Amino acid sequence: MLTQHELRATPVGAANPEPRALLRTPSRRAAAPRAAGLLAVCLVAWVPGVAGADPAGGGATMAAAANPAAVDVAPVAAAPRPLIGTIRWDAWHRARTAAEPGGPGGPVLAMVRSLAPQRYHGRLPFFASVVSDREVSIGGYTQEILDREIGFAKAGAIDYWAFLLYEEGTAMSDGLSFYLSSARKQDLRFCAISSPNTYGNAQQFSQRQQRLVKLIAEPSYLKVLDGRPLLYLFDVSDDWIKAWGGEAGARTLFAGLRAAVQAAGQGNPYLVVMDFSAGHGKRIADIVGAQALSSYAAPGAVGEGAPYGDLTRSAAGFWEQCYDTGADVVPLAMAGWDRRPRVEQPVPWEKEQQPGVGIEKYYVMPTPEELAGHLREAMDWVVENRARCPAQTLIVYAWNEHDEGGFLCPTLNPDGSANTGRLDAIAAMASQFVPTPDTVGVELPRQGLVLWLDASDKATVVRDQGKVLAWTDKSGQGHAAQAVDSTMAYVAYPEDRNVIRCGGSPGHFTVPDLKAAGDLTVVTVARRVAGLPSATYGRILSYHDGKTQQDGRPADWVPPSWCVPVMDEQPFAARISVTNPRRLDGLCIGMNMSTRGDVFRGDLCEILIYDRALAPAELRAVRTRLRTKWAAGSPWAGPPEGQRLE
């Protein structure tokens, strides 16, 4: 996903948290990381151009956008749609003669090496040049190039860039510097993605925050919610919280940042934490006083040449995880994820990457129409969840992560022109955007439903002397779940929120006759109350094909096997999980099918399995219905332990 990181701050009086490379690669983590304009409609004329051989797809050339002098750009009205922002990671700078973080000459030389093979030339930014089948050249940003980028972005319905901040004066800050000096910057707003390195340690924080105060005072800095500057905070580790003086110290420092911004005449910053884990991001948000959650990238479990639809489902799943924390959300859309150039030619800051290792793990590039459809899905989600998306914006990975497959920036056509296919499709979608009907109250889709277990329906839970013996299928397919070694209890809460409690014994359910193949959709709702034994890696669902292994041991997480695990030990409110496996031949509920261990300790609420991939609108309807029914992410009424039913 993204290789990018800030320059390390030299600590004063306190050791830096874990050493970090200048450019960090989020692919190592649960995902990866890296934000203002209100332009709803493109007012420039588009002239047909050459459709290139770019794997991302061809498109028209935006002649006026490419030539800043070709059109007199006038201000336009505020967009009647969510704002589209996109992440900038500016490794496409002029090579330096002095040593730079990221390797001699700076990160651009690593980009040149990664994209040199002919098979990757279609990803080159429009201002690169091809020298031969095995050599490319990138001269780096100039004011003209940056101005053309602004024109392309505006014509492509992009409202703002979110610049990942690096130290002033370094190569990675060239893009921001040229933006700030552009005569066209009012055509496209901007905001900052800060990171711990932006602020330094506790002793450096107040001095280093002045850069942000100055940036936020720029006339083109994006404000949301009637004047609040949008500010992202990316990749805050627990070690950085310690370096800021612990939770209380960090809270005080960020309160000081807010005060400094407001003292400079600006609004109270709307702070958005970017994290690869929604749970960890929420904890950081609570510490620093942030309002919302997002991420830099959300590639999920990358398959072998997996379809782009798998990537979009991973991203949409992360929106829901963020929602379930109770925080506001700025959903992240993924323009792609294919790191093969970096896998073949590892970059200096990814020390763990060995040449060729993991080359098979990537997503197929989207067509421009598929990409625009994904952004449309994110926009619909923002509108439908307006109460939890008050900033009414989404963020896209990314504008220019070309070597990792996430880019909206025009690429280089074989004839030297700019391939604007992706932006063309986004502009067409955005110009016609009308929110889809609200999914509240919509019934569950029934087509393809092969298993429906609903603990709220007392008639479906067979029990004897307080023990659950079976769980009847409501799909009409007759796939009842049979209890094995049951000590599972049936527990009632107000508003018919009844659950099956798995309390720590080896008890579980099996559905041996359930078979399906293809693009499946699996939805679960589960929770955990306080007082149950801890159980990291407990399985809500598990399927093992009898073959898959890792390190010589059975593994239900290695495809085509799959599982829905619980990765934390703490109590959690009702949580919706969605996965999209491709095979099912028997199912284990509440235990690892491959090891007969990893028992789930918590409450089973509802399970839905479809033998097809649900359309985005259908999946939103399912999530909306289940979220309301099970009060996902919120505490329930009644005693915490509920009332056990005999």
* Structure fact -> Those residues of segment 113-129 that are over 27 Å from the mean Cα position of the chain (by Cα), closer than 15 Å to Trp92 by Cα and either of a type outside the set (S, T, N, Q) or assigned to a helix (DSSP H, G or I) (or both) come to a total of 4
* Counting only residues that are of a type in the set (Asp, Glu) and part of a loop (DSSP other than H, G, I, E, B), which one in segment 412-447 is surrounded by the most Cβ atoms within 10 Å (Cβ to Cβ)? -> Asp438
* To do: Read through the list (1) open to solvent by less than 10 Å² (accessible area, probe 1.4 Å); (2) more than 27 Å from Arg113 (Cβ to Cβ), then give the number of the only condition that Ser181 fails.
  => (1)
* Collect the residues in segment 550-570 that are open to solvent by 40 Å² or more (accessible area, probe 1.4 Å) and within 15 Å of Ile540 (Cα to Cα), keeping them in residue-number order. => Trp557, Pro565, Met567, Asp568, Glu569
* Structure fact -> Restricting segment 180-235 to residues that are assigned to a helix (DSSP H, G or I) and of a type in the set (A, V, I, L, M, F, W, C), the one farthest from Leu293 (Cα to Cα) turns out to be Leu180
* To do: Mind listing whichever residues of segment 485-517 are assigned to a loop (DSSP other than H, G, I, E, B), open to solvent by 10 Å² or more (accessible area, probe 1.4 Å) and at pLDDT 90 or above?
  => Tyr493, Pro494, Glu495, Asp496, Arg497
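So which residues in segment 462-484 are open to solvent by less than 10 Å² (accessible area, probe 1.4 Å) and more than 19 Å from Pro512 (Cβ to Cβ), if there are any at all? Before the answer, list the steps.
Of the residues in segment 462-484, the ones open to solvent by less than 10 Å² (accessible area, probe 1.4 Å) are 466, 468, 471, 481.
Within segment 462-484, just Gly466 meets the criteria.
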* Asked: Can we say Tyr543 is closer than 25 Å to Asn580 by Cβ, open to solvent by less than 10 Å² (accessible area, probe 1.4 Å), among the aromatic types (Phe, Trp, Tyr) and modelled with pLDDT of 95 or more?
  -> yes
* Asked: Which one of these does Ala202 not meet: (1) under 30 Å from Ala248 (Cβ atoms); (2) among the aliphatic types (A, V, I, L, M); (3) open to solvent by less than 20 Å² (accessible area, probe 1.4 Å)?
  -> (3)
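Could you say whether any residue in segment 556-566 is in a loop (DSSP other than H, G, I, E, B) and among the small types (Gly, Ala, Ser)? First the steps, then the outcome.
We begin by selecting, within segment 556-566, every residue in a loop (DSSP other than H, G, I, E, B); these are 556-561.
Then drop every residue that is not among the small types (Gly, Ala, Ser), which leaves 561.
Yes.
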* Structure fact -> Checked Ala153, Ala192 against criteria (modelled with pLDDT of 95 or more and in contact with an Asp or Glu (Cβ under 9 Å, 6 or more places away or on another chain)); the one match is Ala153
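In segment 518-527, which residue that is within 20 Å of Pro640 (Cβ to Cβ) and either open to solvent by 10 Å² or more (accessible area, probe 1.4 Å) or β-branched (Val, Ile, Thr) (or both) is modelled with the lowest pLDDT? Even if it seems obvious, please write down each step before you answer.
Of all residues in segment 518-527, those within 20 Å of Pro640 (Cβ to Cβ) come to 525-527.
Add one more test, that the residue is either open to solvent by 10 Å² or more (accessible area, probe 1.4 Å) or β-branched (Val, Ile, Thr) (or both), and what stays is 525, 527.
Working: Val525: 97, Arg527: 93.
Across segment 518-527, the extreme among qualifying residues is Arg527.
Somewhere in segment 439-461, is a residue touching a Gly at 6+ places or on another chain (Cβ under 9 Å) and among the acidic types (Asp, Glu)? Please lay out each step first, then the result.
Restricting attention to segment 439-461, the residues satisfying the condition of being touching a Gly at 6+ places or on another chain (Cβ under 9 Å) are 446, 449, 452.
From what's left, among the acidic types (Asp, Glu): none.
No: segment 439-461 contains no residue that is touching a Gly at 6+ places or on another chain (Cβ under 9 Å) and among the acidic types (Asp, Glu).
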* In the set Gly102, Gly85, which member is out of contact with any Lys or Arg (no Cβ under 6 Å at 6 or more places or on another chain), farther than 17 Å from Gly416 by Cα and at pLDDT below 95? -> Gly102
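Across segment 374-411, which residue is nearest to Gln432 (Cα to Cα) among those that are open to solvent by 20 Å² or more (accessible area, probe 1.4 Å) and among the hydrophobic types (A, V, I, L, M, F, W, C)? Break it down stepwise before answering.
Initially, segment 374-411 is screened for residues open to solvent by 20 Å² or more (accessible area, probe 1.4 Å), giving 376-377, 383-384, 386-388, 390, 392.
In the following step, the residues that additionally are among the hydrophobic types (A, V, I, L, M, F, W, C) were identified as 383, 387.
On the way: Val383: 15, Ala387: 24 Å.
It comes out as Val383.
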* Structure fact -> Filtering strands (runs of 3 or more DSSP E) wholly in segment 245-363 for at least 1 residues that are within 24 Å of Arg627 (Cβ to Cβ) and either open to solvent by 20 Å² or more (accessible area, probe 1.4 Å) or of a type in the set (Gly, Ala, Ser) (or both) gives 292-294, 332-334
* To do: Would you mind telling me which numbered condition in (1) aliphatic (A, V, I, L, M); (2) out of contact with any Pro (no Cβ under 8 Å at 6 or more places or on another chain); (3) modelled with pLDDT of 85 or more Ala63 fails?
  => (3)
* Structure fact -> Per the filter on segment 123-150, residues surrounded by 24 or more Cβ atoms within 10 Å (Cβ to Cβ) and of a type outside the set (A, V, I, L, M, F, W, C) are Arg123, Glu149
* Looking at (1) surrounded by fewer than 23 Cβ atoms within 10 Å (Cβ to Cβ); (2) out of contact with any helix residue (DSSP H, G or I) (no Cβ under 6 Å at 6 or more places or on another chain); (3) over 26 Å from Val108 (Cβ atoms), which is the only condition Leu230 fails? -> (1)
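The values are calculated or read from the model by the stated rules, or taken from the named source; none is laboratory data. Not measured: the values here are computed from a predicted model. Because the Cβ atoms are built from the backbone with ideal geometry, glycine has one as well, and the counts that use them run over all protein chains shown. For accessibility, only protein heavy atoms count, side chains too; no ligands or nucleic acids. Shrake-Rupley method; radii C 1.70, N 1.55, O 1.52, S 1.80 Å.
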